[in-house]
């Protein structure tokens, strides 16, 4: 049985190895028929293929296999096969979602390029395949192991629930990732990841038209800390160039996360990304500490009401206990910048010890349309009053970061 599909516009061949017909059929559905890729299915295990596996497997560009890490004979056969690896054949293993990180790491150690959960959706699988193919085509110095990533952590928090912190976090991430190259000026695109750490009510994925792929829940439930490859496999890529860790679809206890796990996640991502934007939960929990300690700046979304300003002051004081001198960028949401500041606004600035530079005008129609379409305002209407104000936040964050780096030299 052969099918064809398109990945990067070039002629490619894909081998699906599974003893389950349903598995092969699902892969065929993920990659619909086209004239640019040939798909071959093999119902034999690698153990059964024996010596024939080398010629069969390495004639293909991509191999997708259904793996059982507990099957020692099959894992051994895969290991023997990969020890004879030649060319740039990519190996992707799909396995049960409840696999431990230790077992996933074992598959990685024998040469499998990516270990993915069977629960991954079709778009996620295609994105991984495309990323792997592009990775083979990109020179080594262009990968994350080449130029050092900036590794700047930007947590976004809120003075009260519903003030619009997720809107700011999503648009900030997308604006930071925007391609600023022009005909006369070429610049590298920032590598940006958005972490939705609002475990119980996070919905950053809705703003970006994603469905949770179960990756975050896998991280939470795993006994081991994730390694780089496992962590990256849980991320979903947005068309605007932002990688996203969605909050879990089921509501999980806030204490499901541990400080050491968060520290491990942030440390790994700092090596790969220029900006790590973190949408924090409304609650104050222990595991936020490692985020704050590594934070470069804090973006605090509020309004100018007395209760909000008081909560904002308390949060700033609390968070600076973990990171003394942490720069705080105040964003006033759903309020247009006044021509002349009232005494009330001046008093609020005095309480928060800063001048309010960022005012996001209230544009409920545009905000609602953007959410319903799953497109950030920064992409849908970048020239709108709301779009310009959100872009200014990103510009300020990036500029302030340059100033901080120069001051530390």
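Each value in this text was obtained by applying a stated rule to the coordinates, not by laboratory testing. It should be emphasised that the depicted structure is a prediction, and the values quoted were computed from it without experimental measurement. Positions of Cβ are backbone-derived with ideal geometry, glycine not excepted, and every protein chain shown enters the neighbour counts.
Compared with the dominant Cα axis of the chain, that is its longest principal axis, helix 259-270 is turned about 80°.
Here is the size of segment 174-325 from its Cα atoms: Rg then Dmax, 16.4, 51 Å.
The fewest-to-most ranking of 234, 399 by surrounding Cβ atoms within 10 Å reads 399, 234.
For the chain, the longest principal axis of the Cα atoms and the long axis of helix 72-82 meet at an angle of about 90 degrees. Panel order for 49, 37, 386, 339, by other beta carbons found within 10 Å of each beta carbon, from fewest to most: 339, 49, 37, 386. Note on the chain: antiparallel DSSP beta bridges, both residues inside, total approximately 10 percent of the bridges counted. Across the chain, C-alpha contacts under 8 Å between residues 6 or more apart give a mean separation that, scaled by the residue count, equals a relative contact order of 15 percent. Among 263, 114, the order by Cβ neighbours within 10 angstrom, fewest to most, reads 263, 114. Taking all C-alpha pairs of segment 262-350, those more than 18 Å from each other amount to 51 percent. Projecting label points 7 angstrom from Cα along Cα→Cβ for residue 317 and residue 258 puts them 3.3 nm apart. Label positions at residue 82 and residue 22, each projected 7 Å from the Cα along the C-beta direction, are separated by 2.7 nm.
Convex hull volume of the C-alpha atoms in segment 2-137, normalised per residue: 101 Å³. For the chain, the longest principal axis of the Cα atoms and the long axis of helix 122-137 meet at an angle of about 80 degrees. Here the Debye sum runs over all C-alpha atoms of the chain as equal scatterers in vacuum, and log10 of I(q)/I(0) at q = 0.13, 0.14 Å⁻¹ comes out as -1.12, -1.25.
What is the Cα centroid distance between segment 243-289 and segment 31-74, reported in whole angstrom? Cα centroid of segment 243-289 versus Cα centroid of segment 31-74: 36 Å apart.
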